[in-house]
Structures are given as structure tokens and as C-alpha cells.
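These notes concern the structure reproduced below.
The values are calculated or read from the model by the stated rules, or taken from the named source; none is laboratory data. Because the structure is a prediction, the values reported are computed rather than measured. So basically every Cβ, Gly included, is an ideal-geometry build from the backbone, and we count neighbours across all protein chains shown. SASA here: full protein model, heavy atoms, side chains in, ligands and nucleic acids out. Shrake-Rupley method; radii C 1.70, N 1.55, O 1.52, S 1.80 Å.
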Amino acid sequence: MGANMKNIVVLVSGGGTNLQALIDAQTRGEIIGGRIAQVISSNPEAYALTRAEQAGISTAVVNVKDFSDRREFDRQILAALREANADLIVLAGFLYILGKELIAAYENRIINVHPALIPSFCGEGFYGLRVHQAALDYGVKLTGATVHFVNEQADAGAIILQKAVEIKNGDTPEVLQKRVMEQAEWNILPRAVSLFCQDKIIIKDGKAVVLE
């Protein structure tokens with residue numbers, strides 16, 4: 001472990017398949033210059049917490065149901081991130097839009113994966129199976145996944161990596177969701193995390209430039 005290993009904190013709300021992809025990549029030595037320091041869940045029942053515990057990763061719960069005020073929830077998340085000395089925050093099936101203060105505190109240090117090729121099928125209301133249903137309804141032949149920095153608008157931050165996935169005749173949203181995860185999300189999310197931890201992503205004119 002180098003002295004300057006970056007602390008990665010993963011925010012989750014559910015099953016944690018993308019978290020598992022990160023854990024697996026870390027186990028294979030593919031995340032260079034960083035390690036998953038903590039997993040924080042908005043839901044005490046999230047299976048993602050079990051995945052983290054099985055991998056020996058520290059966990060914390062900031063239960064969204066304990067807060068009547070969303071800003072208070074945000075402040076608690078922020079406190080937990082500071083406690084964990086987060087260098088990079090990864091949203092992995094985290095169901096809540098982060099508030100302005102938190103985003104400002106970690107500008108260009110929060111990344112999310114979206115299951116489409118932004119700017120297609122993204123923004124307010126496009127999450128989960130709805131994204132894949134929209135792609136099928138439109139009849140596009142290619143979809144995919146996008147890893148991007150998080151800013152104040154939904155799915156509008158600087159794009160880091162994208163990967164295309166073919167749509168096949170007879171695809172259902174469920175079948176397409178699985179293909180996009182396996183072929184794109186689980187591939188580009190760990191890669192983007194590793195690039196960030198190696199300081200290989202720079203922001204130039206509001207765009208993310210990857211230094212390979």
C-alpha cells in the first residue's frame with residue numbers, strides 16, 4: 001500500500017451489484033492507487049452491506065427514514081464521508097439525489113454510472129428498468145453505460161467513460177438491463193475509479209479528459 005492510496009467510499013441503497021463489481025476488481029488488483037475504505041447505505045436492510053461485510057469492508061448506515069428533512073440527511077451523509085476521509089465517492093445504486101452542499105464539498109470527486117449513453121435516456125425520472133424500457137420504446141440499436149461526475153443536474157456532469165452495448169431483437173427491459181450491466185457498467189465503473197485514483201482524469205473546459 002502506497003502512502004497516498006485514495007479512500008473510495010461507495011454509497012448504496014440496495015442490492016449492490018455495482019459495488020460487487022468494484023469489490024471484484026479490487027480483489028483482482030485492478031483498482032490502482034485506491035481502496036474501498038467504506039460502504040455507506042441509506043437503507044439498513046440493503047444487501048450491499050452484506051457484500052461489504054463479506055469482503056471485510058467497513059460499513060455505515062445513514063437511514064433516510066430517520067430524517068424528516070432531506071438537508072439533515074445530506075448533512076449526516078457529509079459527516080460520514082468526512083469521517084471516512086473520502087477522496088472519491090461512488091454512487092452505486094444510491095437512490096437519492098445529493099444536495100448542493102454535499103456536491104460542492106466534493107466537486108469532481110463524486111462519480112455515478114448511468115445505464116445508457118448520455119445524453120440519451122437520462123435525467124429526471126430515468127432510472128432502473130425505465131431507462132431500458134425507454135431505449136426499447138425508441139428503437140435504438142445501441143445503448144450502453146456512462147460513468148460521469150455528479151453535478152447539481154441529474155446525469156449532467158462531465159462524462160468520464162462510455163461503452164456501447166447492442167440491443168437485440170426480442171430484448172425485454174430485464175434482459176437488456178443484465179446485458180448492459182455485464183458488458184458495460186461492471187467494466188467501465190471499476191476502470192473509471194482506477195483512473196481517478198491514479199490522477200488520470202482532468203477537467204478541462206468543463207469536460208473530463210482521460211490521460212491514458
**OP:** Name every residue in the range 179-212 that is free of Cβ contacts under 8 Å to residues at least 60 places away in the same chain and acidic (Asp, Glu), in order of residue number.
**Re:** GLU182, ASP205, GLU212
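Residue-wise test of (1) acidic (Asp, Glu); (2) open to solvent by 30 Å² or more (accessible area, probe 1.4 Å); (3) more than 21 Å from ARG109 (Cβ to Cβ).
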site: ASN4; (1), (2), (3): no, yes, no
site: ASP24; (1), (2), (3): yes, yes, yes
site: THR27; (1), (2), (3): no, yes, yes
site: ILE32; (1), (2), (3): no, yes, no
site: ILE36; (1), (2), (3): no, no, no
site: VAL39; (1), (2), (3): no, no, no
site: ALA60; (1), (2), (3): no, no, no
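Can you pull out every residue in the range 62-73 that is open to solvent by less than 20 Å² (accessible area, probe 1.4 Å) and farther than 23 Å from LEU22 by Cα? Spell out how you get there, then give the answer.
Going through the range 62-73, the residues open to solvent by less than 20 Å² (accessible area, probe 1.4 Å) turn out to be 62, 73.
Within the range 62-73, PHE73 is the sole residue that qualifies.
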**OP:** Give GLU212, GLU166 a once-over and let me know the one that is over 16 Å from the mean Cα position of the chain (by Cα) and more than 19 Å from HIS132 (Cβ to Cβ).
**Re:** GLU212
**OP:** Out of the residues in the range 93-121 that are closer than 22 Å to GLU182 by Cα and at pLDDT below 95, state the one that is surrounded by the most Cβ atoms within 10 Å (Cβ to Cβ).
**Re:** PHE94
Original post:
Is there a residue being modelled with pLDDT of 95 or more and either touching an Asp or Glu at 6+ places or on another chain (Cβ under 8 Å) or open to solvent by 60 Å² or more (accessible area, probe 1.4 Å) (or both) anywhere in the range 84-91?
Top reply: yes
**OP:** Could you list all residues from the range 1-42 that are without any contact (Cβ under 8 Å) to a residue 60 or more places away in the chain and closer than 18 Å to LEU78 by Cβ?
**Re:** ALA37, GLN38, VAL39, ILE40, SER41, SER42
Original post:
In the list GLY144, GLY157, which residue meets the criterion of being touching a residue at least 40 places away in the same chain (Cβ under 8 Å), surrounded by 17 or more Cβ atoms within 10 Å (Cβ to Cβ) and more than 14 Å from the chain's Cα centre (by Cα)?
Top reply: GLY144
**OP:** Check whether at least one residue in the range 113-130 is within 22 Å of THR146 (Cα to Cα), assigned to a strand (DSSP E or B) and in contact (Cβ under 8 Å) with a residue 12 or more places away in the chain, and report yes or no.
**Re:** yes
Original post:
Just one of ALA158, ALA164 is among the aliphatic types (A, V, I, L, M) and under 25 Å from ASP199 (Cβ atoms); which is it?
Top reply: ALA158
Original post:
Within the range 41-58, which residues are under 11 Å from GLY14 (Cα atoms) and open to solvent by 70 Å² or more (accessible area, probe 1.4 Å)?
Top reply: GLU45, TYR47
